[in-house]
Amino acid sequence: MITALSLCHNVTPVEEDGKQIYQASSPDEVALVEFTKTIGVELVQRTQEKIVLNTPRGIEEYQILDIFPFTSDTKRMGIILRSETNGQITFYLKGAEEALLSKISSQSSQEKMKEDCEILAQEGLRTLVITQRTVSEEEYEVFRREIEKARASMISREKMMRKVVESIEVGMEYLGVTGVEDKLQSRVDRCIAKLTNAGIRIWMLTGDKVETAKCIAISTGLKNKNQKFKELANMRDLILIENELNDLKLTGNNSIVLIIDGITLSLVMEMNPELFILAATRVGGVICCRVSPTQKTQIVENIQKYTENRVCSIGDGGNDVGMIQAAHVGIGIEGKEGKQASLAADFSINEFKYLAPLILW
């Protein structure tokens with residue numbers, strides 16, 4: 001598990017002012033690599049060809065044979081490495097629970113994985129499933145030829161590559177689940193309370209699991225003690241979804257906070273986006289979980305299309321750029337996620353708490 005955490009990532013160690021620091025597109029990845037360092041497995045070097053670790057057993061080098069970056073569509077990343085010590089080829093794969101569930105070989109491991117994710121999510125932690133499997137030389141050679149053929153294709157290249165990669169994402173061995181706390185900034189709850197009292201409806205669009213999002217909603221004050229959750233999750237029947245939304249459209253009020261996940265949302269936004277928007281604008285708050293950057297943008301665009309409300313989008317990462325630019329007003333927060341959101345926005349702030357004086361001046 002620790003070896004997998006120290007190898008399966010896009011983190012690069014760099015020297016800054018005579019001190020080694022880690023750089024990556026995701027602060028979660030940096031946090032996990034820093035964790036492995038504290039228990040004796042340190043990432044000391046990374047190039048395009050190899051990764052070098054300093055472990056209790058000594059220096060270990062791994063040749064990078066192939067890498068498949070994380071995307072919002074696949075919700076997972078993988079890397080194929082060859083150990084310089086024994087020549088063994090290992091494929092590491094990590095990602096969201098729903099993306100890796102079908103990849104894990106045994107039913108018992110799948111159940112254990114779901115249980116572990118549930119426990120960590122209930123504590124408000126962002127979960128990541130870690131898996132691995134050994135690849136033979138013969139299997140890797142077949143895979144290498146197929147992936148090179150797909151990369152050279154001029155027609156449907158992405159589709160062909162995805163199909164080849166999925167052919168090796170089978171029979172994975174479950175190693176464990178990590179939980180990373182997305183620590184709240186100070187006075188977030190006070191800021192949200194001020195905005196709510198001013199008559200502003202607040203929607204939270206997140207890639208987190210439903211259980212994690214519930215914890216965040218309670219801790220930030222997005223849901224108060226007088227409100228109750230209305231949950232629409234893992235629903236694949238459009239008629240049932242529409243019945244629930246029609247009831248909400250008729251009976252919805254400020255005492256309800258709607259929670260909807262990406263699977264349910266994608267279906268209703270494709271078939272009946274107007275119903276979802278009109279029903280969701282009737283309740284006190286909305287939490288959209290496990291949503292992609294594209295879905296975030298679609299939600300903002302449809303609120304503008306089907307209502308006369310003014311929309312302000314606030315985000316702190318590259319995944320939020322689309323919805324920030326789609327809104328009437330976009331606000332970017334500078335933070336550990338980088339400056340992409342800030343640079344794409346109409347206004348930039350350093351902390352969430354400055355949102356209230358900016359909007360309510």
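Whether any residue in region 247-258 is in a strand (DSSP E or B), open to solvent by less than 40 Å² (accessible area, probe 1.4 Å) and over 21 Å from Thr307 (Cβ atoms) is what I want to check.
No, there is no match, as no residue in region 247-258 is in a strand (DSSP E or B), open to solvent by less than 40 Å² (accessible area, probe 1.4 Å) and over 21 Å from Thr307 (Cβ atoms).
Is there any pair with a first residue in region 336-351 that is over 15 Å from Asp182 (Cβ atoms) and a second that is open to solvent by 100 Å² or more (accessible area, probe 1.4 Å) and of a type outside the set (A, V, I, L, M, F, W, C) whose Cβ atoms are under 6 Å apart and which are 6 or more apart or on different chains, and what are they?
Close Cβ pairs (under 6 Å, with a partner that is open to solvent by 100 Å² or more (accessible area, probe 1.4 Å) and of a type outside the set (A, V, I, L, M, F, W, C)) amount to Ala344/Gln325.
Give the residue, chosen from Ile277, Ile239, Ile218, that is assigned to a helix (DSSP H, G or I) and farther than 28 Å from Lys114 by Cβ.
One residue alone meets the criteria, Ile277.
Assess whether Leu240 counts as being more than 23 Å from the chain's Cα centre (by Cα), among the hydrophobic types (A, V, I, L, M, F, W, C) and either within 22 Å of Asp316 (Cβ to Cβ) or surrounded by fewer than 20 Cβ atoms within 10 Å (Cβ to Cβ) (or both).
yes
Do we find that Gly171 is free of Cβ contacts under 8 Å to residues at least 60 places away in the same chain and closer than 21 Å to Cys8 by Cβ in this structure?
no
Ala233 fails exactly one of the following numbered conditions: (1) small (Gly, Ala, Ser); (2) modelled with pLDDT of 90 or more; (3) surrounded by 13 or more Cβ atoms within 10 Å (Cβ to Cβ). What is the number of that condition?
So Ala233 meets the others, but not (2).
On the basis of being open to solvent by 20 Å² or more (accessible area, probe 1.4 Å), under 18 Å from Thr206 (Cβ atoms), in contact (Cβ under 8 Å) with a residue 12 or more places away in the chain and not in a loop (DSSP other than H, G, I, E, B), does Ile314 make the cut?
Against the criterion (open to solvent by 20 Å² or more (accessible area, probe 1.4 Å), under 18 Å from Thr206 (Cβ atoms), in contact (Cβ under 8 Å) with a residue 12 or more places away in the chain and not in a loop (DSSP other than H, G, I, E, B)), Ile314 qualifies.
Considering region 322-353 alone, what residues qualify as being part of a strand (DSSP E or B) and hydroxyl-bearing (Ser, Thr, Tyr)?
Ser348
Any idea which residue in region 1-23 is most open to solvent (accessible area, probe 1.4 Å), counting only those that are farther than 21 Å from Thr90 by Cα and in contact with a strand residue (DSSP E or B) (Cβ under 7 Å, 6 or more places away or on another chain)?
The residue in question is Gln23.
The values are calculated or read from the model by the stated rules, or taken from the named source; none is laboratory data. Just so it is clear, the model here is predicted, and its values are computed rather than measured. As a convention, Cβ positions derive from the backbone with ideal geometry for all residues, glycine included, and neighbour counts pool all protein chains shown. Quick note on the areas: whole protein, heavy atoms, side chains included, nothing else; ligands and nucleic acids left out. Shrake-Rupley method; radii C 1.70, N 1.55, O 1.52, S 1.80 Å.
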